[in-house]
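Chemist: This is the structure I want to talk about, given as structure tokens.
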Amino acid sequence: MTIKKLIAGNWKMNGGLAANEALLRALLTGVGQPSADVAVCAPAPYLAQVQGLLAGSPIDWGAQDMSAHEQGAYTGEVSAAMLKDFGCRYAIVGHSERRQYHGETDALVAAKAQRALAAGITPIVCVGETLVEREAEQTEAVVKRQLAAVIHAVAHCTSEIVVAYEPVWAIGTGKTATPEQAQQVHAVLRAQLAAATSHPERVRILYGGSMNAANAASLLAQPDIDGGLIGGASLKAPDFLQIVAAAH
Ligand code: PGA
């Protein structure tokens with residue numbers, strides 16, 4: 001049995017009350033009974049709005065980041081328990097934009113993944129190499145190091161995470177990894193998961209980085225690509241819905 005794919009939108013720092021409502025209403029109108037799991041990861045201030053519009057629908061929602069701490073004096077941080085209060089099923093952790101612009105380390109990302117699982121939230125753990133790392137043939141070493149930190153922290157819960165392979169050079173650039181390039185890395189990640197859990201096939205490994213309506217089907221046809229983490233194209237309902245339809 002193959003696992004149900006997951007198509008998750010990452011809105012990043014985009015949207016507003018009116019735009020979110022229009023987007024979500026269009027998604028609800030078009031989504032039907034998807035064969036894949038579908039989710040949108042919204043900016044934290046809008047999670048209540050998203051919950052209000054999506055509760056009881058086939059579309060789940062999640063956050064784009066969360067604190068590694070449980071609670072307390074961490075000004076500006078949002079805890080896993082708070083996300084849970086607003087019905088979040090997922091939280092992206094370790095997105096390359098957070099690693100790059102906010103100095104998030106492998107250890108911090110691993111702590112966030114652990115904290116998410118403890119609160120009953122599925123972490124979508126992002127890994128991926130920069131262009132410089134790819135050109136230096138460091139791709140495998142980088143993604144394995146990033147995933148190893150998380151596996152070490154979550155241990156026997158490894159089969160409950162979602163992994164997203166997002167080559168940094170492909171994010172928001174229109175340069176997608178070819179299906180073969182992506183599959184190659186996904187196979188490496190699957191093998192690493194197999195060494196850590198008896199159910200590596202249960203872990204969804206998403207591809208992210210300029211996935212769009214035109215290239216989704218060929219990426220999703222690869223044996224180890226179990227879904228997508230979609231940035232830009234998740235802000236346009238017809239495009240996002242086409243990606244969802246391509247996932248079966
Ligand atoms: P993109 O972003 O689809 O706009 O390339 C993907 C991501 O950063 O999750």
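Condition check ((1) under 26 Å from GLY30 (Cα atoms); (2) within 15 Å of the ligand (Cβ to nearest atom)) across all residues:
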{"site": "ALA213", "(1), (2)": "yes, yes"}
{"site": "SER218", "(1), (2)": "yes, no"}
{"site": "PRO223", "(1), (2)": "no, no"}
{"site": "GLY227", "(1), (2)": "yes, yes"}
{"site": "SER234", "(1), (2)": "yes, yes"}
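Chemist: Could you check segment 53-89 and list, in sequence order, the residues that are aliphatic (A, V, I, L, M) and surrounded by fewer than 15 Cβ atoms within 10 Å (Cβ to Cβ)? Spell out how you get there, then give the answer.
Modeler: Let us first name the residues in segment 53-89 that are aliphatic (A, V, I, L, M), namely 53-55, 59, 63, 66, 68, 73, 78, 80-83.
Correct list: ALA55, ALA73.
Chemist: Still on this structure, I have one more. Would a scan of segment 45-61 turn up a residue that is within 30 Å of ARG145 (Cβ to Cβ), of a type outside the set (Asp, Glu) and in contact (Cβ under 8 Å) with a residue 12 or more places away in the chain?
Modeler: Scanning segment 45-61 turns up no residue that is within 30 Å of ARG145 (Cβ to Cβ), of a type outside the set (Asp, Glu) and in contact (Cβ under 8 Å) with a residue 12 or more places away in the chain.
Chemist: How many residues are more than 16 Å from the ligand (Cβ to nearest atom), over 17 Å from ALA153 (Cβ atoms), assigned to a loop (DSSP other than H, G, I, E, B) and not acidic (Asp, Glu) if we restrict to segment 61-117?
Modeler: 13
Chemist: Condition (residue is in contact with a strand residue (DSSP E or B) (Cβ under 8 Å, 6 or more places away or on another chain) and within 16 Å of ILE124 (Cα to Cα)) applied to segment 190-198: is it met by at least one residue? Steps first, answer last, please.
Modeler: First, the residues of segment 190-198 that are in contact with a strand residue (DSSP E or B) (Cβ under 8 Å, 6 or more places away or on another chain): 190, 193.
In the following step, the residues that additionally are within 16 Å of ILE124 (Cα to Cα) were identified as 190, 193.
Yes, segment 190-198 has at least one match.
Chemist: Checking the structure you have, find out if any residue of segment 131-143 is charged (D, E, K, R), without any contact (Cβ under 8 Å) to a residue 24 or more places away in the chain and at positive phi.
Modeler: Yes, the conditions are met somewhere in segment 131-143.
Taken together, the values in this text are just the output of simple stated rules run on the coordinates, not laboratory data. Predicted model only: the values in this text are computed from it and were never measured. Cβ: placed from backbone, ideal geometry, glycine included. Neighbour counts: every protein chain shown.
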